[in-house]
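All remarks here apply to the structure that follows.
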Amino acid sequence: MTAAGKVLPISALLALVLGFLCPEAPAVALPQSAKPQIEQSSFVSKGKPITVEWYYADDRLAKTPIIIILHGSGGVGQFFRDLASPLCKSGSHVMVVHYFDQNDLDTASSADMARHFNTWLKTVGASIDYAARQPFVDSNNISLLGHSLGAELALHTAARDHRISSVIDMAGCFVLPTAKIKRMPPVLILHGKLDKVVPLNREKTLKAVLERTGTKYEEHIFARGDHAFDNVSFSEIISLCTNFLNQHRN
């Protein structure tokens, strides 16, 4: 509500909510020797080519689970590639989606996020369609991993798309109305206690939805972590993600 008692439109509410999101992606680097080769391809969403970066598990002959990584408002930074590298070594293909290609953006302001959020939801949906069509992907095991804005997109996508088997939410929350959400796949919540961009109290709505829908979830709060997961062990993040994904494969 405004001071005059008028109801704000959804776009304005999104601008207020998403305005908290940070344009900076976490900066964690793996040793050069640990980085696999990246293979790029693309799919088309609403007439625009969307770039994806593939990180393949060892076996490309058998159908293999896939993790789709959704970056935050700062765009595709090294952090997301550093996540993809060890995750693909745990037995999943990993696909990093450049969903900002939909609007020819490299980074997104709060106004961009409010304007394009629903469009990006459709782009993420198209990325799932694309992944599921690949002969080497197990379409019964599609997981989403997102940070900040990417986590918001992952959560709302999973609430709508029954193909998603699990979600890893890094410093995210729901930003659209949640009353109509009836089910969610298992969710791993990773959040820094010192996060001033998406404070911990923003998780209350997320956990309330998960509890209302009887969703399995794990929550890990890093006492020294901020929005960028600084001062958090990268190996611990990978271990938590890997264990969660392995527990919730179909």
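Every number here is computed from the coordinates shown, using simple stated rules; none is lab data. Nothing here was measured: the structure is a model prediction, and the numbers come from that model. Positions of Cβ are generated from backbone atoms using ideal geometry, with glycine treated the same way; all protein chains shown enter the neighbour counts.
Which residue, Ile164, Phe222, Ser41, has the largest displacement toward the positive end of the dipole of segment 38-247 when charges sit on each Cβ (Lys, Arg +1; Asp, Glu -1)?
The Cα lying farthest towards the positive end belongs to Ile164.
Can you tell me the dipole magnitude for segment 38-247 around its Cα centre, using point charges on the Cβ only (Lys, Arg +1; Asp, Glu -1), in Debye to the nearest 20? It would help to have the intermediate numbers written out before the result.
Working: 22 positive and 22 negative charges, 163 e Å.
About 780 debye.
Sorted from fewest to most neighbouring beta carbons within 10 Å, what does the list Tyr56, Tyr99, Tyr130 look like? Don't skip to the answer; put the middle values down first.
On the way: Tyr56 17, Tyr99 28, Tyr130 20.
The fewest-first ordering by Cβ neighbours comes to Tyr56, Tyr130, Tyr99.
Amide H of Ile69: which non-local residues (sequence gap of 5 or more, or other chain) have their own amide H closer than 5 Å, using H built in the peptide plane?
The answer is Met95, Val96, Val97, Leu145.
Can you tell me, using C-alpha contacts under 8 Å and at least 6 residues apart, the relative contact order of segment 38-247 as a whole percent? Present the calculation step by step, with values, prior to reporting the outcome.
On the way: 414 pairs, mean separation 35.5, N = 210.
About 17 percent, as a whole number.
Across 5 Å bins from the origin, how do the percents of Cα pairs in segment 38-247 run, short distances first?
Histogram of Cα-Cα distances, whole percents per bin: 1, 7, 17, 21, 22, 17, 11, 3, 0.
Which value, in debye to the nearest 20, gives the size of the charge dipole of segment 186-250 about its Cα centre, when Lys and Arg are +1 and Asp and Glu are -1 at the Cβ?
220
Excluding Arg212 itself, calculate the net charge of residues whose Cβ lies under 15 Å from the Cβ of Arg212, where each Lys or Arg counts +1 and each Asp or Glu counts -1.
Neighbour charge sum, excluding Arg212 itself: +4.
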